[in-house]
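In what follows, a structure is listed as structure tokens, so that the remarks can point back to it.
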Amino acid sequence: MDTRDTERLSGPDGRGTEHYEDRGLGPWLRRNPSLLLRLFIVMVFSFAASTVASNFSYGLEGAPTVLSVEELNRGELPAGTELGDYVEVRGTADVGDGEAMTGTADSEIAISSRYSTSYFYFGLQETGDNLLIQTTEGLPRGLANPKERVWSGKLETVGTVIFHDTTQEGLKRAGLTTDNSVPVINTGETPQYLRKIFPAYSAIIALWLLSVAWLVWKRNKPFLGL
């Protein structure tokens with residue numbers, strides 16, 4: 001006879017030894033509130049850790065991969081080079097009249113602004129529309145009288161840069177290429193810069209590990225012993 005619908009299950013002495021627990025997702029959720037809360041905390045810290053993992057890895061990179069003007073003009077990158085790598089190229093900024101307003105076709109410098117942060121884009125004389133340089137918050141000194149220099153940073157493309165739609169509008173106004181496949185060197189993100197904020201990244205990863213250990217240790221034990 002099926003006794004699962006009884007309130008208690010009887011032991012050898014006729015007395016109930018345990019409460020019957022309803023099956024199903026709903027009853028299980030009601031029986032495990034502490035476990036669910038701990039799982040949620042782990043998920044929050046897991047998301048935070050995943051967002052810094054790539055930057056943490058990038059910050060450990062050593063010498064940059066050198067991009068050649070010839071390869072860039074052929075639409076090629078060195079073998080094994082991927083988006084997010086630390087790269088550098090030597091070239092001369094290709095900008096317009098130094099007195100022209102930034103963001104206009106005369107200046108040949110695009111600007112994309114959002115949330116009080118501005119990103120600037122311009123090309124190089126040696127690569128034309130085959131490469132863009134991105135700087136953050138401000139323009140490098142000496143653009144009025146551009147000289148050949150080394151530009152280094154994280155490799156991105158026009159299609160992957162931050163604020164894509166706003167950037168497209170800025171590039172169009174400045175008369176620069178809007179081709180999503182064109183490489184972009186983000187000079188604002190270098191391994192040297194990210195190493196300065198490693199303590200913050202390390203703290204996030206440490207909190208994630210602690211949350212996982214706390215989940216495995218406590219599981220569904222009530223908080224504060226309640």
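The values are calculated or read from the model by the stated rules, or taken from the named source; none is laboratory data. All of these numbers come straight from a predicted model, not from anything done at the bench. So basically every Cβ, Gly included, is an ideal-geometry build from the backbone, and we count neighbours across all protein chains shown. To get the accessible areas, we keep the full protein, side chains included, count just its heavy atoms, and leave off ligands, DNA and RNA. Shrake-Rupley method; radii C 1.70, N 1.55, O 1.52, S 1.80 Å.
The candidates Leu25, Leu139, arranged from most to least accessible area with a 1.4 Å probe in the full protein assembly, appear as Leu25, Leu139.
Tell me the carbon and sulfur percent of the accessible area for the chain, rounded to whole percent, probe radius 1.4 Å. Answer for the chain: carbon and sulfur cover 56 percent of the accessible area.
Placing unit charges on the Cβ atoms only, positive for Lys and Arg and negative for Asp and Glu, gives region 88-226 a dipole magnitude near 1220 debye about its Cα centre. Taking 7 Å steps out from each Cα toward its Cβ at Thr160 and Thr104 produces label points 3.5 nm apart. Peptides 198-208, 118-128, ordered by how many other C-beta atoms sit within 10 Å of their residues on average, highest first, read 118-128, 198-208.
In this structure Glu88 has an accessible area near 50 Å², from a 1.4 Å probe over the protein heavy atoms. When restricted to Cα atoms, the chain yields an Rg and a Dmax of 28.2, 97 Å, respectively. Shape analysis of region 145-226 places it in the prolate category; the axes a ≥ b ≥ c from the Cα gyration tensor give an a/c of at least 1.5, with a/b above b/c.
Give the residue from Leu36, Val66, Val95 lying farthest towards the positive end of the charge dipole for the chain; charges sit on Cβ (+1 for Lys and Arg, -1 for Asp and Glu) and the dipole is referred to the Cα centre. Looking along the dipole axis, the top candidate is Leu36. 3J(HN,Hα) along region 204-220: 5, 5, 5, 5, 5, 4, 5, 5, 5, 4, 5, 5, 5, 6, 8, 6, 9 Hz, from the Karplus curve 6.51 cos²θ - 1.76 cosθ + 1.60 with θ = phi - 60°, whole Hz, x for Gly and Pro. In the context of the full set of protein chains, the chain has a per residue accessible area of 61 Å² (1.4 Å probe).
Arg195 to Gln125: extension gain in nm, 0.36 nm per residue of separation minus the Cα-Cα distance? That pair, Arg195 and Gln125, stretches by 22.0 nm at full extension. Annotation: region 64-189 has a Kirkwood hydrodynamic radius of 14.3 angstrom, from the mean reciprocal C-alpha pair distance.
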